[in-house]
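Following: one structure in structure tokens, then a few remarks.
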Amino acid sequence: MNWRAQIKPVFIFVAVLNIFFIVGCGNPSAMNESTASVKHITQGEFADEVTRCATPVVVDFYATWCGPCRELSPMLDKLAGGYTDKIKFVKINVDESPGLAQNFQVQAIPTLIFFKDGKVVDRTTGLLPEADLKNKLDLLAGK
């Protein structure tokens, strides 16, 4: 077998792998933008947006380079739409606000921390199935 015949499968594999990463990764920097349902906040906004909020709050600690975080983000955005005026949703990039992550002992991401009356009432780490996350949100909303 000549060298061209041996290289062709490797070239195809690398091309497919590149397409997978380009398409599958999406635009990680878009995760730092607020959506209609989930607000991106910084450490300086935390007290007003979370601990002083009369509404229950879900805080998503994430990073743009985290694969499970990229999967959770659209799921959380989708679910948040069903809790308008019942639960506030915010997200915090741990690379931008490492002090907050440290204060709340976030050791792995994604981590969701659930607040009620400014106090932590629940937390999850890792990517939950959508139905499990919805059950937690229902409990927080008092459904």
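The values are calculated or read from the model by the stated rules, or taken from the named source; none is laboratory data. It should be emphasised that the depicted structure is a prediction, and the values quoted were computed from it without experimental measurement. Cβ atoms come from the backbone with ideal geometry, glycine included; neighbour counts cover every protein chain shown.
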Could you check, for the range 88-101, whether at least one of its residues is at pLDDT 95 or above, of a type in the set (S, T, N, Q), more than 23 Å from ALA36 (Cα to Cα) and not in a loop (DSSP other than H, G, I, E, B)?
no
What tally of residues in the range 70-91 results from selecting those that are surrounded by 16 or more Cβ atoms within 10 Å (Cβ to Cβ) and either more than 10 Å from the chain's Cα centre (by Cα) or closer than 16 Å to ALA131 by Cβ (or both)?
8
So GLN107 ticks every box in (1) without any contact (Cβ under 8 Å) to a residue 24 or more places away in the chain; (2) assigned to a helix (DSSP H, G or I) but one. Which box is left unticked?
(2)
Could you list, in sequence order, all residues of the range 48-59 that are touching a Gly at 6+ places or on another chain (Cβ under 9 Å) and part of a helix (DSSP H, G or I)?
VAL50, THR51
Name every residue in the range 37-50 that is at pLDDT below 95 and surrounded by 13 or more Cβ atoms within 10 Å (Cβ to Cβ), in order of residue number.
SER37, GLN43
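Quickly run through the range 60-82 and pick out the residues that are in a helix (DSSP H, G or I) and farther than 16 Å from THR124 by Cβ. Write out each step before concluding.
Our first condition is that a residue be in a helix (DSSP H, G or I); within the range 60-82, this holds for 67-82.
GLY67, ARG70, PRO74, ASP77, LYS78, GLY81, GLY82 - these are the residues of the range 60-82 that are in a helix (DSSP H, G or I) and farther than 16 Å from THR124 by Cβ.
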